[in-house]
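Where a number appears in this text, it was derived from the coordinates with a stated rule and is not lab data. Everything numeric here is computed off the predicted structure, so don't read it as measured data. Virtual Cβ from ideal backbone geometry, glycine too; neighbours counted across all protein chains shown.
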Amino acid sequence: MKRISILALAVLALRATPALAQAQNAGAPGEWLSQFTSARTLGLGGAYVATADDPLGVLWNPAGLSTMNQNELRFENARLFEDTSINSFGFAVPGSRWPSLGVAIVSLGSGDFQRTNELNDALGTFHEGETAYLLTASRAFTPRLSIGLNAKLVQQTVESFSGNGFGMDLGGMFDVTPTLRVGASFMNLAGPKITLSDVAEAYPMQVRAGFAVRVLGGRCMLTGEADQMKGLGARFHGGAEYWIQSGLGLRMGWSDQGGSGGLSYRFTPQYEVEYAAANHPLGITQRVGLSYRFGGFFASSSASPKIFSPTGDQAVTRISLNSRTKAEPRDWTVAILDKSDEVVRRFGGAGQPPSHLEWDGKSEAGLPLPDGVYRYNLVVKDGAGRLVSGPVHTVEISTLGPQGTIPLAPSAQNGVPKP
């Protein structure tokens, strides 16, 4: 009886801790998992059900795997309160003829909690831990419609008590227009249900629905989401993401917990670091994420030399091209833009892009362009209408050559140099 009382106090204290529930109305079983946020999603205020295009996005919508193009590994760390932390790992492989597949692991570990008896006598400390394992399959039935399914196992340990349970999640995405996508998911459709002592606790079903719209030529994304969960009512989230340049993106978000913000930095096309922070009544919460993308479906381009002179020895730059699409490629384009985001030259054709093309620094009208830095990237459309867009790179036109001053030797008078 004493052990059960201790457990009841422990679970009550645990659920009342905002570090785990991140909500003032905490207490629902599994709420730590339903309120989980990664670095990107925290920066977006938690509005992610219509995006979910990374291995951990399956916690919002398992259909999001079908929107991914490259294989991706992702690691996340969240520092909360009272020595509580959440670590997560995800790996996903996008498919074309076969479904996209993914695996994700999310683990919560608490700090030490004081253990007492009915008389409030100190009996030492204990900690609580919960881990969720998710296997995901997602299928794009058309280029606009995707459906995904999670099968998950959740384990929980409190002091010497432990239990586990199985559950399922279902989600879908639909592209209304090329720039507007809507998504919805039903989490905990069938469990999990966990018994720690003698009472089984079932995770309540959570419904999410939202949208994501891209503006400013795709450089900016606006998101919105509404969540409904038994005992917690409706919650609303919103966020915005803007890429200042190809390697640096900023985010801001809002939810009923307050404001949040974050950023992403891609130090190569494969590696990306993400950071986010949010205000909370108990202080600032922070997330750090690292992702690695490779293989899969892609479009890439690279200019050599990166600085050339149409009037010099290196009169052209050679842009190497490579791509892999989910279906047979229909056409490709390489657009070259100036600092005002105006397209000054466009290359393109049908089918697979060639191995390379050459640019002589001239505009569409055949006129020489001024010196400066220009941006370019490769975009390939497949037979189903899907686009694969490569990273944006820069190339520079420089006709001035090296600049500087030549030091003059001091003149001499009677063989003695002037000072």
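Structure summary
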read-out	value
Full-stretch length increase - Val182, Val373 - with 0.36 nm per residue and alpha-carbon distance subtracted	65.1 nm
Full-stretch length increase - Ser389, Ala151 - with 0.36 nm per residue and alpha-carbon distance subtracted	82.5 nm
Separation in nanometres of the label points that stand 7 Å from Cα toward Cβ, at Ala327 and Thr399	4.5
Distant-in-sequence amide H partners of Ala47 (H built 1.01 Å from N, under 5 Å)	Gly238
Entries of Lys339/Lys381; Lys306/Lys381; Lys306/Lys326; Lys306/Lys339 with Cα pairs more than 20 Å apart	Lys339/Lys381; Lys306/Lys381; Lys306/Lys326
³J(HN,Hα) computed for each position of the stretch 52-64 - Karplus, 6.51 cos²θ - 1.76 cosθ + 1.60, integer Hz, glycine/proline x	6, 9, 8, x, 8, x, 5, 6, 9, 7, x, 5, x
Label-to-label distance, nm, for residues given as Lys230 and Ser355 (7 Å Cα→Cβ offset)	6.3
All-pairs alpha carbon distance profile, the stretch 234-352, 5 Å steps from 0, percent	2, 8, 12, 14, 15, 14, 12, 9, 7, 4, 2, 1, 0, 0
Charge context of Ala234, other residues only, Cβ under 15 angstrom, K/R +1, D/E -1	0
Qualifying aspartates and glutamates (Cα of each under 13 Å from Cα of Lys230; at least 8 residues distant if same chain)	Glu31
For Glu130, Glu364, order by how many other beta-carbon atoms lie within 10 Å, fewest first	Glu364, Glu130
Geometric extent, Cα atoms of the stretch 240-299 - Rg, Dmax (angstrom)	13.8, 45
Additional length obtainable on full extension of the chain from Val215 to Asn77, 0.36 nm per residue less Cα span	46.6 nm
Peptide ranges 340-347, 233-240 listed from the most packed, as the mean C-beta count within 10 angstrom indicates	233-240, 340-347
³J(HN,Hα), Karplus 6.51/-1.76/1.60, whole Hz, each residue of the stretch 174-186, x for Gly, Pro	9, 8, 5, 9, x, 10, 10, 10, 10, x, 8, 8, 10
Net +/- balance of residues flanking Thr333 in space, Cβ distance below 15 Å, scoring K and R +1, D and E -1	+3
Reachable aspartates and glutamates, given that their alpha-carbon falls under 19 Å from the alpha-carbon of Lys362 and they are not under 8 places away in the same chain	Asp313, Asp338, Asp341, Glu342, Asp371, Glu396
